[in-house]
Amino acid sequence: MKRHIGSVLFLMVMLAPASWAVTSVITRHQASGDFLKGEVEKVIIDSSGTLRLAPESAEADCGELLKDVWSIHTMYADDDGAVYLGTGPNAKVFRYAQGRCEQVYPADVEETDDGADSEILNEHVFAIAKDMAGRLLVAVSGETGKLVRLNRGKAEVVFEDERVRYIFAIALDPDNNIYLGTGPEGLLFRLDPFCKNPELIYDAQDKSLLALAIGDTAIYAGSDERGLVYKIDPEQKRATVLYDSDQKEVTALRVDDSGNLYAASSSAEAAMAQLKAAGAMSLKKEPGRPDKPDTRDPNLPSDATESLKTPNNDEAKKQEVDTSAPKPPMPPMAKVAGHIYKITPEGFVTDIFSEIAVLYSLAQADGKLWLGTGNKGQLYSIDLETEDKGIVFEDKTSSQITAIARMNGTTFLGLSNPARLMRLEKTFAADGTYESPMIDAGQPAQWGKLQIEADIPEGCLVLMACRSGNVQDPNDATLSAWSHEAAVTKATELDCPVGRFCQYRLTLTADPESGRTPEIREVTAAHVVPNLAPNVLAVKAERSRDKKTPSGIDIKFVAKDDNKDDLEFTLQFRKAGRTTWIPLKEELDQPRFQWDGRTVEDGRYEVRVIASDRKSNSPETALTGSRISSVFVIDNTAPAITDADMQVSGNNVTARLLVEDEFSVLGKVQYTVDSNEKWITTLPDDGVYDTLAESFTIPINDLESGDHVIAFSVADDLENTRYKTYEVTIP
């Protein structure tokens, strides 16, 4: 009977009554981007966010033969169980078979007394093939390009052309005609099955033809500089462009049984620029999945797999990035440097793979594409039916996977910088590990339980260990020691000390009999942070600028809670200098409030905002934080003219005024004569409105004889306004 193990994850830790928050925070790792931030050892991460064991890998023993090799440019696997390695810089070819490696070209090796080659020839072998008679064809590039055929241990040059320095690709058509993609003039040559009668098939505008593939009736070629994919008719010697990529080089081409062409295009310059600007790479996967039949083995016993489930908790709070400090703008990202394009026989193009990587090699087998990249020495697999992509292998020593060959289910990888030969077997590695990125709780936290959603076949095992600390660097010596490994068959305690950061390690073990692997699709980890008091960061109180509420006091504030708790607020006020706070508003759930300033007398006041997290905590653990505003003025009273003197001299009047306000700076004084609608603004004697009391000397000239009424409007800075009139008589 198939077992389903799971539990509802609500409260995942033991709570100390007076110190820990009530709500757990759950971190979920479920997408490829989540897992790619961690580190793997013999574990695959695919684009659906699944962890599984990688194929068993081992370095092939080539003795000292590769010690002077810089790069394995190409590999060729024949039907006799041998793999041939084409290398540089001395254009050597090695044969690896049955665990033994030997040099087959050149046959004679000149060596100095210390065993090193006498000189560096700066020649390279970029392509290897076999002719119809099973003789090895070696494409040598250097000062001159030549095709060398090995026949019973002897090497003979079967093709040379003064226009050719490099031979990048060899392809044989169904009639065993031999095609050569060359540089630096972008020439495509054809030789007959006996390596005779060379003829020029096409002269491309590009400098080099880097890749060749054979279609039913055409030759496909990939170019440098412009990144073009050509379709060439060898009989008519004419070409059309199937696709113009955005990258500089088309480095590899493959044709499947349905006639679809797969083109690997790449730009080393763009890759380097993107790697400087990018964080962890993520395998792109569109939402959903293709509607394909279930490929699981129907003969598998129903009780052979243990399925673990993670809880679906919609209320689990996600980790949030602290936005209190402004972040610099991100630089614009360039187009992704490496792509695989699928081109149908009708000419339709689909981008099926893109990564920030240089694409060096491409192979096709078992319904998948196998893609070697740099500069992280990663091997990707692309399932052509399900669209799943995965990092199958990553080398910690060499930088690039420059050649791939498949033979009898074994994948051979030619690595460069330094040069090494690796074997990937059909079977899974016996075990492998995944170390997560550091999970940041934001504050020292108590860590709860870890759960996984996974299928664990009978005989397989998943073990978990964890550690914690207060530094994000996983290499820091202050982190706690890894806990003892525990089998994950249910929700499992994260047995590590209180700390801001936590890291988990999963060890996957294959069944030694069936060779099956666990498959992990999701990991959840929970923590709680000690209930920290809310923090009121800022409080501001000022007279409303809304003309509809001129006497309103706008109170605004900003509050933060590191536990992400729901907050409510209490507002209190008092006159400046007093000690007793008076309630103003309780159970406020918004960070703003308008106070009617007419409900209190004029004066200088301050407001206190109290934030409480009681909604998210028990009465015993709830905490508060508060902040007091700067002193502000409530002033609903206009200034007064406390002294006035109207002196008449002829037809002129000089008005001398003293205007005072108790709380606010004076703002404006105006006058008009005999109810004229035009008010005239005047300045105080010192020329600046900047105090509570100002003196004014206002000349009013050229009045007609008789009685007049002079009206004054005096206002403070808050626009509280008072009007006063005086009568004068002109003789």
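What separates the Cα centres of segment 162-196 and segment 639-698 is a distance of 101 Å.
Just to verify a number: FRET efficiency for Glu485 and Thr624, C-beta to C-beta distance, R0 = 51 Å, to 0.05?
Once rounded, the FRET efficiency stands at 0.75.
Straight-distance candidates among the aspartates and glutamates for linking to Lys560, with alpha-carbon spacing under 15 Å and chain neighbours fewer than 8 residues away dropped: Glu320, Asp322, Glu568, Asp589, Asp613.
Using the 10 angstrom Cβ neighbour count as an exposure proxy, how do Tyr723, Tyr96, Tyr105 rank, fewest first?
Listing Tyr723, Tyr96, Tyr105 from fewest to most nearby Cβ atoms yields Tyr723, Tyr105, Tyr96.
From the helices alone, meaning DSSP H stretches of at least four residues, give me the mean residue ellipticity at 222 nm for the chain, per-run term -39500 (n - 2.57), in deg cm²/dmol to the nearest 500.
-500 deg cm²/dmol
Residue separation of Glu385 and Phe194 scaled by 0.36 nm, minus their Cα-Cα distance, works out to 64.9 nm of gained length.
So if R0 is 35 Å, what FRET efficiency would Lys540 and Val471 give, r being the distance between their Cβ atoms, rounded to the nearest 0.05?
Calculated value: 0.40.
Report, to the nearest 10°, how far helix 268-277 tilts away from the longest principal axis of the Cα atoms in the chain, using its own Cα long axis and a range of 0 to 90°. Tilt of helix 268-277: around 40 degrees.
Under the simplified labelling scheme, the Glu425-Asp495 pair shows an inter-label distance of 3.3 nm, with each label point 7 Å from Cα along Cα→Cβ.
The candidate values are (1) 38.7; (2) 34.8; (3) 52.0; the one derived from this structure for mean projected area of the Cα convex hull in nm² carries the label (3). Our summary gives the chain a relative contact order of 12 percent, counting only alpha carbon pairs under 8 angstrom and 6 or more residues apart.
Once the chain from Ala576 to Thr410 is taken as fully extended at 0.36 nm per residue, the excess over their C-alpha distance is 51.4 nm. Protection proxy ranking of 355-367, 560-572, 614-626, by the mean of other Cβ atoms within 10 Å over each peptide's residues and highest first, is 355-367, 560-572, 614-626. Sorted fewest first by neighbouring Cβ atoms within 10 angstrom, His484, His527 come out as His484, His527.
What FRET efficiency, computed as 1/(1 + (r/R0)^6) with R0 = 25 Å and r the Cβ-Cβ distance, is obtained for Asn122 and Lys154, rounded to the nearest 0.05?
0.55
If one computes the Cα centroid of segment 407-439 and of segment 532-582, what distance in Å separates the two points? When both Cα centres are located, 61 Å separates them.
Within segment 572-613, which GluC sites (Glu not before Pro) sit in a loop by DSSP and count at most 14 neighbouring Cβ atoms inside 10 Å?
Hits after loop and neighbour filter: Glu601.
When the C-alpha to C-alpha distance is required to be over 28 Å, the pairs from Lys130/Lys396; Lys556/Lys615; Lys42/Lys389; Lys146/Lys237 that qualify are Lys130/Lys396.
Rule-based calculations on the coordinates, nothing more; no lab input. Not measured: the values here are computed from a predicted model. Cβ coordinates were reconstructed from backbone atoms using ideal geometry, including for glycine residues, and neighbour counts include every protein chain displayed.
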